[in-house]
1. Give the number of residues within segment 166-176 that are part of a strand (DSSP E or B) and either surrounded by fewer than 16 Cβ atoms within 10 Å (Cβ to Cβ) or within 25 Å of the chain's Cα centre (by Cα) (or both).
2. Looking at segment 181-190, which of its residues are surrounded by fewer than 18 Cβ atoms within 10 Å (Cβ to Cβ) and either within 21 Å of residue 131 (Cβ to Cβ) or hydrophobic (A, V, I, L, M, F, W, C) (or both)?
3. In segment 130-141, is there at least one residue being surrounded by 12 or more Cβ atoms within 10 Å (Cβ to Cβ), touching a residue at least 12 places away in the same chain (Cβ under 8 Å), among the aliphatic types (A, V, I, L, M) and not in a strand (DSSP E or B)?
4. From the set of residues in segment 118-129 that are over 20 Å from residue 100 (Cα atoms) and in contact with a Ser or Thr (Cβ under 9 Å, 6 or more places away or on another chain), which is surrounded by the most Cβ atoms within 10 Å (Cβ to Cβ)?
5. Please pick out the residue among 113, 141 that is under 11 Å from residue 192 (Cβ atoms) and acidic (Asp, Glu).
6. Which number in (1) at pLDDT 85 or above; (2) exposed (fewer than 14 other Cβ atoms within 10 Å of the Cβ); (3) touching a helix residue (DSSP H, G or I) at 6+ places or on another chain (Cβ under 7 Å) marks the one condition that residue 1 misses?
7. Out of segment 105-129, which residues are assigned to a strand (DSSP E or B) and hydrophobic (A, V, I, L, M, F, W, C)?
Amino acid sequence: MAENDDDGAAKRALFNFMAARRLKAGTLARKAGLSPSIFYNLKNGDAKTPSMDTLQKVAEAEGVTVADIFAFAKEPQKIDVRYAVISSGRVASSVQDMAVTRPTDLDATAEIEVALVSSDGLHPIPAGWLVFFALTGEAPEDVAGTLCVVRLFGQQDAIIGTVSPGTAPYFDFQPWHGPTVKNQRLISVQRILAIQPPV
């Protein structure tokens, strides 16, 4: 399998997997009982592909299967940045001439949007970081307590925060910054999937 990997899929999968989990070669090598030189030789081209034994040891060390690692073989998809996180955690439409790499650890079939943190609106998260969130909204009760992009009735911009049950049929909203607002009518609630620096 990996030994006949002419197109580099196993190598690409391994390094994409490591990037998605933010694994360093030396740390992973120790955890998997491998020599760090295996990763360095792959990186600098002295080795073309990881052996199946290497992939199995990495999989065991990380609690996944070799098939899970191979799922990372595709080059990460690019997503256009169509939103910006501005003051007070507000998410507004934005014309950005920018595309970013989709996080490889997110479900490849999930439809997602991305917002660029453009100010200190998500302090302490710095400007330049990315907020990846689901394109499709969910029922508020299904995401209670989960960080989401929330559109309140009567508000132009969505706001990052969490929701919790209020007086039925309304919900309480806790914005990223600021006090809880009681008994709000919600237009949409989109789960935040990742907040991270650009890759």
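The values are calculated or read from the model by the stated rules, or taken from the named source; none is laboratory data. Note that the coordinates shown come from a computational prediction; the quantities given were computed from them, not determined experimentally. Backbone-built Cβ (ideal geometry, glycine too); neighbour counts: all protein chains shown.
1. So the first thing to find is which residues in segment 166-176 are part of a strand (DSSP E or B), and the list is 171-175.
Next, only the ones that are either surrounded by fewer than 16 Cβ atoms within 10 Å (Cβ to Cβ) or within 25 Å of the chain's Cα centre (by Cα) (or both) stay: 173-175.
Counting residues in segment 166-176 that are part of a strand (DSSP E or B) and either surrounded by fewer than 16 Cβ atoms within 10 Å (Cβ to Cβ) or within 25 Å of the chain's Cα centre (by Cα) (or both) gives 3.
2. Step one: list which residues in segment 181-190 are surrounded by fewer than 18 Cβ atoms within 10 Å (Cβ to Cβ), which gives 181-183, 185, 187-188.
181, 187, 188 - these are the residues of segment 181-190 that are surrounded by fewer than 18 Cβ atoms within 10 Å (Cβ to Cβ) and either within 21 Å of residue 131 (Cβ to Cβ) or hydrophobic (A, V, I, L, M, F, W, C) (or both).
3. Looking through segment 130-141, none of the residues is surrounded by 12 or more Cβ atoms within 10 Å (Cβ to Cβ), touching a residue at least 12 places away in the same chain (Cβ under 8 Å), among the aliphatic types (A, V, I, L, M) and not in a strand (DSSP E or B).
4. Taking segment 118-129 and keeping what is over 20 Å from residue 100 (Cα atoms), we get 120-121, 123-124.
Filter once more, keeping what is in contact with a Ser or Thr (Cβ under 9 Å, 6 or more places away or on another chain): 120-121.
Working: 120: 15, 121: 20.
Per the stated criteria, the residue is 121.
5. On the way: 141 fails: under 11 Å from residue 192 (Cβ atoms).
Selected residue: 113, the only one of 113, 141 that is under 11 Å from residue 192 (Cβ atoms) and acidic (Asp, Glu).
6. (1)
7. Residues of segment 105-129 that are assigned to a strand (DSSP E or B), as a first pass: 112-117.
Of everything in segment 105-129, those that are assigned to a strand (DSSP E or B) and hydrophobic (A, V, I, L, M, F, W, C) turn out to be 112, 114, 115, 116, 117.
Condition check ((1) part of a loop (DSSP other than H, G, I, E, B); (2) under 14 Å from the mean Cα position of the chain (by Cα)) across all residues:
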| residue | (1), (2) |
| --- | --- |
| 103 | yes, yes |
| 159 | no, no |
| 164 | no, no |
| 178 | yes, no |
| 182 | no, no |
| 188 | no, no |
| 194 | no, yes |
